[in-house]
Each structure stands twice: as structure tokens, then as C-alpha cells.
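Undergrad: Once you've had a glance at the structure underneath, I'll fire off some questions.
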Amino acid sequence: MRICRPMLTMKGKYGLKALHYLSGIPQGSVAQSVEIAETYGMSKKFLDAILADLRNGGFVETRKGRAGGYRLAHRPEEIMVGHALRVLDGPLAPISCASRTAYHRCRDCEDEATCPVRLSMLEVREAIASVLDTKSLADMRFMVEAASIEEDEFLEIS
Amino acid sequence: MTHHIVIAGGGASGAIMAANLFRLGDGALRVTLVEASGEIGKGLAYGTSNPSHLFNVRSAQLSAFSGTPDHFDRWLAVHHPAFARSGPFVPRSVYSEYLESALRETAPVGKFRVLPQSCVGMRELEHGVEVTLDDGSSLPAHFAVVATGFGLKRDGEGLLSNPWTDPLPDNPGSRVLIVGTGLSMIDTVLSLLDNGHKGKIVAVSRRGLVSQRHALHRPLQLSTADIPLGASIHYLSRWLTDLVRTHEANGGDWRDVMDGMRPHIQTVWRNLPTESRQRFLRHAVAFWDVHRHRMPPAQAERIKTALQSGQLEIVKGRFLSATRCGERLFAAIVRTGWDEPQPFKADVIYDCRGVRRRAGQELEGLAGALVASGAARLEKLGLGLEFDRHCALVNAEGEPSARIFGIGPVTMGTFWETIAVPDIREQARQIADRIATGSRATLRGSVARLP
């Protein structure tokens, strides 16, 4: 039994990167999992499992055949990072007792209702949701672009 | 400066809106409730006078004010102590009386009036709204609220009788057919039984599902962080059934999960992709409804007895049409699994098909007029008018209005879960806040324009 799990698993991390990649391909085209795996240096087998979960959750679609591959099921503006993350990693919870559906009580827990750590983490959970549920793949792409511009300009000045 | 607010529709939504405006506003306002019947709080849901027609929501959730959750219970204890004792499911007929008293309590003398007319149009102007009435006159207002409910016609369609307005059959032995098996069917059966009906009652719907019964109220504490927002309906429904299964394996009841979802339904609906909403409406809505909108135990017991005795029969099938042959009516019904329609003989046929069958059809009354004039547009699924997240009416160009709002069932397409009192009073609070902010902004605006 997992007592504590990291806030973002490898699956969640790679899943978001794959979605970021798919949000950047031209509309109407598809990407193959091998090119996504190579771009981020991850195992194709692991990525295929991740993409299967995202497909199951209704965030990506597949096209079969020789020209087949993956693409987003909705426009990048409509897919929220937090929504995809719930499908990849389960409930958004910084600690397992702060979730009802992936709930685990700490082994050494004496009183959950008054636990200072849990009460703080419940607030953290709401804060995580409020950030990630309003951040779309398009917003994420914009953040990345903004960050790269800054870097370029910084190089020019120095 | 006193602001004038016009509310179109005087059912529960309109009355709750008015009471919240007075309670939350700064006092400098006048409210006109435009309601053809001239009566307050007696719309589709609460117009009934039959004491067997109960609320299917507990009395503790029926306060007209989000900020004072025990307002209704306190009123009930004073005015209907017997119901308060026998609760928590009380007759719906007391609600219009409660809403009237809530309005008397909050509305200052001379600031509130009911206009016995129909509202037929609204036009947003730069500094106000022009509201047109069916006698051809118009009312100037600073803000307007559309509270026209489900927009269902009051009279029956063709040979079908309206269960809320048409008289019950005189002959207790007559054969009754009810089209629809939802909560209106339950109310109609109870009315017939109260009236001493002895004849056979057949109720028909495509899936033949009947509302489940209420049990103990122990909602599961769910957070939005737990719920897979934005995922497909396929994923969401599997998540929900898995959650029910796990919860039941741990000794819980499925109702706890449904009641735990209750506060999040608007958020889930808002984030549900359009094609998932369509699939939900096509395949799952009947299952959802019978679990979400449950019967109080006392009603469920009477329905069970009627089913067991054979007086009430539920038929799975599709109603096509009704024809008259002499004194009798014949309904053409295709039973599920059959190809050909079968004639069902009846003396009276009640139309209990519910409120959503109109999806995609043209809207009537004020809602239709607003769409025709470009002041409003249909939301994507055609369930009703489109509103923004804060209940502002969205016009044909997709811009939310700063002066026209919507409350209650008329906003169902946008919010889905807006037909019960807890949601309606929350909308009322939001709109009252918006109007208070909007009127302050107008004031600042007019001050700024002074030379």
C-alpha cells in the first residue's frame, strides 16, 4: 500500500509533455508516438500506455492506418492541464488523506479531523485545482513561448 | 438613485430573485414582478394544491436565502407545525405561501409590485432595459431578470391532458394512460389514488425507469479535486460507477455518492465536452434522473403498493400518437423490442413527458422572442437560452449582457443543475450581487459625466 505518493508522477509529467507536443502540431495532422518519445527522450512503450489513458479519458484521439497517429480530441484552449492530470495521476491531492477517492490514512494517524498537516494540505489541494483547472494547453504553450523569448533577449543583451 | 428591476415570471425562481434583491441590495431599488396569473410562487412546480405532492428535497434545503439556511424550517415550525414535525419531506403547496411571506418580510412598503401581465420582449439600451408587455405597453427598467421557468405551455397538446390543469376523470373505473414515467407521473398517480381512482393506470416511457426512493442523508464529502472534470462522459460514468461500487463495498449507499456529487454538478456540466453532453442526453439522462431526483419514502411506498396490486403498470415503449374513436382514445405505442405500434385503449391520456423533450425545438414566449430579436441565442444543445457563468444573458453575437440575467430552469442548458431551490437561491444571490455592483458602476459613470 502506498502511504504517500509524489504530487506529480512520471506518468503525469510525460503525459503533460505529450499533450504539449500535440498542442503544437498543425490542426488536422497527427503525430506518432515514436516522434513524441524521441523528442522528450522517454520510452515509447511507457508513452503508448500514457496515450492510451489520455485517449480513454477523451483528451486525445487516434487515427488508424499508415498515416495514423495521435491528435488532441479538442482545441488546446478547451483542455485543462488539471483535467488531464486527474486521468493520468488520479485526484489532485498533495497527500493521500486529502482525497476521498484515492484515500489512504497515514499509518501513524491519530486524529484525522484535527491533523494539522492534513488540514493544511486540504487547502493546498484547492489551490492546486484552482491553478491547474484554469490552465489550458494553449496557456501552457503561451507560457513556454514567453519563457523562450525572454531567454533569447537575455542572450542578446549580455 | 433608486433602481428599477423587472423580473419576468412569478414562479418560485422569480419570487426567490425578488426576495434576494431586497435582502442583499442596499434598499435603493424597486422591483416589478411580471406574472400573468398575478400569483406569487405558483409556477409549474409549486402551483399544486394536493398535499400528496411532496417536495423531493428535504425542508432544511428549502430556504430562499443562501445566507440563512434555516429560514424555511423556522417559518414552517411557526406556520405549519404539523408538517414541521412530520417532515423532512413536506407538501409543495406550502411553498408559495412561504415565498409570499419571505417577500413580505424583505420588501419595503411601496417598493414591490406584481403586474398581472406577460412579458413579451426585452431590449437592452445603453442605460437600461426596455421591457415590453403583452398589452403593448413597455416598462423602463435598469435591470431585467428572465425567470420564465421551463417555458412549457399550460394547456395539453391535442388529445393529451395536462396533469396539472385538467380535471381528474369523473368515473373512478376509467382507464388511464400516462405518457412518461418521471416524477410528474408519480404526482399524477398519487392525485388519481387520492381521488379514489379504481381503474387501471398504465405509464409508458422508452426505458420504463421509475424514480428511486430517498433514504438517510449522508453525503460523501467530495472535492472538485477528486472528480475527473473535462474527461469524456464514458470516463466520467465509469469513474462514478466505480466510486459507487467501492463505497458500497465499504458498507455505504449509492445515494451518499449521488448526494456528494450534488454540489459539483454545475462544475462537471460546465467542463463536460459538448459531444459528451450530447451522448449523456441521448443515452444516460434517464438513468441519471431516477437516481438524482428521488421520491420521498411515503410516496415510494404508495407507488410500490399500486405496482404490486397491478393497478399501476409500467410499460417500456415509445408513444407515437393518440387518436379518438367515439368516446375512447387510442394511443399508438411501439413496445421496446417490437417493430409495429400497438393500440392502447384509454379514457384519458396524461402528458407527463417532462421538461427536456423540447430540446432542439423552437422556444416559445419570452425566450423565443429574445432569440428572434437577437438579444439571446440558443445554447449549443438547444436545451434553452445561453448564459455566461454569472447568469448574464448571452446575445446573438456571443456577448454577455450587463443588464439582462436569467434564473432557474430557463438557464438549464447552461448550468444543467438549476431546477432545485438550493441552486436557484445561489443564482439569485449572484445576480443580486451583480446588480448591486452594476448599479454602483452606473452611478460612478453618471458622476463622471457631470461637467
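Undergrad: Is there a residue in the range B:46-59 that is surrounded by 20 or more Cβ atoms within 10 Å (Cβ to Cβ) and in a helix (DSSP H, G or I)?
TA: Checked against the condition, which is being surrounded by 20 or more Cβ atoms within 10 Å (Cβ to Cβ) and in a helix (DSSP H, G or I), the range B:46-59 yields at least one hit.
Undergrad: So, one more: Scanning the range A:61-74 for residues that are in a strand (DSSP E or B) and more than 11 Å from chain B (Cβ to nearest Cβ), which turns out nearest to the chain's Cα centre (by Cα)?
TA: A:Leu72
Undergrad: Would you check which residues across the range B:12-46 are closer than 22 Å to B:Pro140 by Cα, small (Gly, Ala, Ser) and either more than 18 Å from the chain's Cα centre (by Cα) or modelled with pLDDT under 95 (or both) and list them?
TA: Passing the criteria: B:Ala19, B:Gly25, B:Gly27, B:Ala28, B:Ala36, B:Ser37, B:Gly38.
Undergrad: Ok, one more. Restricting to the range A:38-60, what's the tally of residues that are touching a residue at least 12 places away in the same chain (Cβ under 8 Å) and part of a loop (DSSP other than H, G, I, E, B)?
TA: Number satisfying all stated conditions: 4.
Undergrad: Conditions: (1) surrounded by fewer than 16 Cβ atoms within 10 Å (Cβ to Cβ); (2) away from chain A (no Cβ under 14 Å); (3) free of Cβ contacts under 8 Å to residues at least 60 places away in the same chain. B:Arg255 meets all but one. Number of the miss?
TA: Evaluating B:Arg255 over (1) surrounded by fewer than 16 Cβ atoms within 10 Å (Cβ to Cβ); (2) away from chain A (no Cβ under 14 Å); (3) free of Cβ contacts under 8 Å to residues at least 60 places away in the same chain leaves (1) as the failure.
Undergrad: Can you work out which of the residues in the range B:376-387 that are of a type outside the set (A, V, I, L, M) and touching a residue at least 24 places away in the same chain (Cβ under 8 Å) is nearest to B:Val120 (Cα to Cα)?
TA: B:Gly384
To keep it simple, each residue is scored yes or no on (1) in contact with a Ser or Thr (Cβ under 6 Å, 6 or more places away or on another chain); (2) at pLDDT 90 or above; (3) surrounded by fewer than 20 Cβ atoms within 10 Å (Cβ to Cβ); (4) part of a loop (DSSP other than H, G, I, E, B).
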{"site": "B:Lys304", "(1), (2), (3), (4)": "no, yes, yes, no"}
{"site": "B:Val315", "(1), (2), (3), (4)": "no, yes, yes, no"}
{"site": "B:Leu329", "(1), (2), (3), (4)": "no, yes, no, no"}
{"site": "B:Ala332", "(1), (2), (3), (4)": "yes, yes, yes, no"}
{"site": "B:Trp338", "(1), (2), (3), (4)": "no, yes, yes, yes"}
{"site": "B:Leu366", "(1), (2), (3), (4)": "yes, yes, no, no"}
{"site": "B:Leu370", "(1), (2), (3), (4)": "no, yes, no, no"}
{"site": "B:Leu381", "(1), (2), (3), (4)": "no, no, yes, yes"}
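Undergrad: Just give me the residues in the range B:65-99 being aromatic (Phe, Trp, Tyr) and in a helix (DSSP H, G or I), in sequence order.
TA: B:Phe72, B:Trp75, B:Phe83, B:Tyr95, B:Tyr98
Undergrad: Still on this structure, I have one more. Restricting to the range B:397-418, what's the tally of residues that are touching a residue at least 24 places away in the same chain (Cβ under 8 Å), in a loop (DSSP other than H, G, I, E, B) and not acidic (Asp, Glu)?
TA: Total satisfying the criteria: 3.
Undergrad: Continuing with this model, one more query. Residues of the range A:17-58 being within 14 Å of chain B (Cβ to nearest Cβ) and under 12 Å from the mean Cα position of the chain (by Cα), which ones?
TA: A:Leu19, A:Asp53, A:Leu54
Undergrad: Taking B:Leu272 and the conditions (1) within 20 Å of B:Ser205 (Cβ to Cβ); (2) within 14 Å of chain A (Cβ to nearest Cβ), which numbered condition does it fall short on, given that it satisfies the others?
TA: Single failed check for B:Leu272: (1).
Undergrad: Going through the range A:133-151 one residue at a time, which ones are in a helix (DSSP H, G or I), at pLDDT 90 or above and not small (Gly, Ala, Ser)?
TA: Passing the criteria: A:Leu137, A:Asp139, A:Met140, A:Arg141, A:Phe142, A:Met143, A:Val144.
Undergrad: Within the range B:290-308, is there a residue that is out of contact with any Leu (no Cβ under 6 Å at 6 or more places or on another chain) and either within 14 Å of chain A (Cβ to nearest Cβ) or of a type in the set (Phe, Trp, Tyr) (or both)?
TA: no
Undergrad: For the range A:82-132, give me the residue count where each residue is at pLDDT 80 or above, within 11 Å of chain B (Cβ to nearest Cβ) and in a loop (DSSP other than H, G, I, E, B).
TA: 5
Undergrad: Still on this model: Kindly indicate whether B:Pro167 is surrounded by fewer than 20 Cβ atoms within 10 Å (Cβ to Cβ), at pLDDT 90 or above and of a type outside the set (D, E, K, R).
TA: no
Undergrad: Any idea which residue in the range B:60-73 is surrounded by the fewest Cβ atoms within 10 Å (Cβ to Cβ), counting only those that are out of contact with any Leu (no Cβ under 6 Å at 6 or more places or on another chain) and under 15 Å from B:Tyr95 (Cβ atoms)?
TA: Here the answer is B:Ala60.
Undergrad: Hey, any hits in the range A:80-98 for a residue that's polar (S, T, N, Q) and in contact with a Cys (Cβ under 7 Å, 6 or more places away or on another chain)? Walk me through how you get there before you give the answer.
TA: Restricting attention to the range A:80-98, the residues satisfying the condition of being polar (S, T, N, Q) are A:96.
After this cut, where a residue has to be in contact with a Cys (Cβ under 7 Å, 6 or more places away or on another chain) as well, the list is A:96.
Yes, the range A:80-98 contains a residue that is polar (S, T, N, Q) and in contact with a Cys (Cβ under 7 Å, 6 or more places away or on another chain).
Undergrad: Moving on. Quickly run through the range B:220-243 and pick out the residues that are of a type in the set (Phe, Trp, Tyr) and more than 7 Å from chain A (Cβ to nearest Cβ). Break it down into steps so the answer makes sense when it comes.
TA: Taking the range B:220-243 as the starting set, the residues that turn out to be of a type in the set (Phe, Trp, Tyr) are B:235, B:239.
Within the range B:220-243, just B:Trp239 meets the criteria.
The values are calculated or read from the model by the stated rules, or taken from the named source; none is laboratory data. Bear in mind the structure is a predicted one, so any value in this text is a computation, not a measurement. Reconstructed Cβ throughout: ideal geometry from the backbone, glycine too, with neighbour counts over all protein chains shown.
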